[in-house]
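No lab work stands behind these numbers, since they all come straight from the coordinates. Source: prediction; values computed, not measured. Here the Cβ is made from the backbone with ideal geometry for all residues, glycine too, and neighbour counts use every protein chain on show.
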Amino acid sequence: MRLPSVFKARSALPGELLEGVEAPPVESPRSRVREARDDLLERITAFVMRHDLAVTAQNMATICGALSGSHPQLAEAFVAREIAGDPIDQRWLDTLARFDPDGHSRIAEIEALMDKLEYALMRFAQTTRSAQSETSDHRGALGVHIDDLTEIASAGDQAGDLAAVLDLSRAMLARIEQVESIMSRSQHETEQLRESLAKARMEADVDHLTRLPNRRAFERRLVSAALEARAKGEPLSLAFCDVDHFKMINDRHGHDGGDRVLCALAATLNEYGGDSCFVARHGGEEFVFLFYGLDKEAARSRLDGIRRAQAARRLVNRDTGKGFGQITFSAGVAEITEDSDTRSALARADAALYRAKNEGRNRVELG
C-alpha cells in the first residue's frame, strides 16, 4: 500500500523539501522592521496633518517618542490630552518640551562634552608647543655636534666610521625638522579648530531669524541667574509672551510676512527691555524674559509698558504694501525667587499666559 505524500514528508531528512506540504512564507526580521517603520511613519504623518502641526525637528522627536512608545510619559500625556478633548497644538507641544527634564539634561550633557573637547584641544595645543620647542633645542644641539664631528673626521684616521655617524646624524636632523614642521601645522590647525568651536558655540545660542538669544541660551541663563539671585537675596522674575493671532498673520501675509513680524517684535522687545532684562526667542511666536532685580509686580509693570508700546505701532508689509494691522502679544509673569523650585516658575508663568489668552489677549497676567 502506498502512503500518502504527507506522511512521506514527515520522514524526510532535515534540509529536504517536504513533499506534498506547502511551507508558509517566512517573513524575515528585516521585513518586519521595515513594515513597523512604515506604519510608524504613516501614523506620525496622519497625526501631524490631523492637528495641523509644523514639521520641525522638535515636533518630530516629541510625536515619535509618543507614538512609538519609546517615551511612555509622552504617550500618556498624548492619550490624556485626546481623552479630555483638549487641542494638541504647537503651544502644547512646546510646553511638553519645555518641561522635559531629559531634554534639559541632554543640553547639559552636550555642554559638558563641548567643554571637554575644548579642554582637550587646549592641552593638545600646549603639548605641540612644548614638543616643538624641545625638538628645536635638540635640533640646535645636534647641529653643533655634527659640526664638531665633521672637524674630527677631517683630521683623524677613522674618517669612514665618523662619516657614517655624520650621515645618520644628518638624517635624524632632517627628520626632526620634518616633525617640527608637522607639529607647527598641527598647532595652527588646532588654534583654528578652537576658534571655530567658540564661534559655533556662540552661533548655537542665537536664533537665526530674530538674532535674539534662543531657547538653549535661555535655559543656560535661567540656571545661572536663579543661583545668583538666591545667593544675593535679590528678586528674579520671568515671563512668557506669545504673539496674538499669529496663525492669522501667516495666513494673510504668508510665512515671509510672519517672519518679518517676529523680527520687528523682537526688535521692540529688545529695545524696551533694557539692560536689566534678558529676552530670548523661545520658539515659534513665543518669547521669554528674565527680569533681574524685579519682583513679579515690577516685572509685570515693565512688560505691560512694552506691550502698550508694541500695540501702538503699525507695521506694513514691504513686499505688498499692505498693513499688518495691530500686532499685540499676551504674556504671563512669575517670580522665580518665590520658591526653591525654578521649574515651578516656568509652569506658573505658562499658566498665566494661557489665562491672558483666554481672557481676551493683549494683556499681561500674574502667575
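Numbers for the structure displayed
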| item | result |
| --- | --- |
| Sequence of Ile83, Ile176 once ranked by neighbouring C-beta atoms within 10 Å, starting from the fewest | Ile83, Ile176 |
| Electrostatic dipole magnitude of segment 215-366 [Cβ: Lys, Arg +1; Asp, Glu -1; Cα centre; debye, to 20] | 420 debye |
| For segment 323-354 and segment 257-286, distance of Cα centres in Å | 15 Å |
| Distance (nanometres) between label positions extended 7 Å along Cα→Cβ at Arg220 and Ser169 | 5.4 nm |
| Nitroxide proxy distance, nm - points 7 Å out along Cα→Cβ at Asp251 and Gln178 | 7.2 nm |
| Efficiency of FRET from Cβ geometry, Val48 and Glu191, R₀ 51 Å, rounded to 0.05 | 0.70 |
| Two-site label geometry, Ile83 and Ala311: point separation in nm, points 7 Å out along Cα→Cβ | 4.0 nm |
| Local electrostatic count at Asp244 - Lys and Arg +1, Asp and Glu -1, tallied over other residues with Cβ under 11 Å | +3 |
| Rounded, prolate or oblate (a/c below 1.5 giving rounded, otherwise prolate when a/b exceeds b/c) for segment 32-98 by Cα gyration tensor | prolate |
| Gain in span if fully extended, Asn358 to Asp275, counting 0.36 nm per residue against the direct Cα distance | 26.7 nm |
| Descending semi-axes in whole angstrom, ellipsoid equivalent of segment 215-366, from the Cα gyration tensor | 29, 14, 13 |
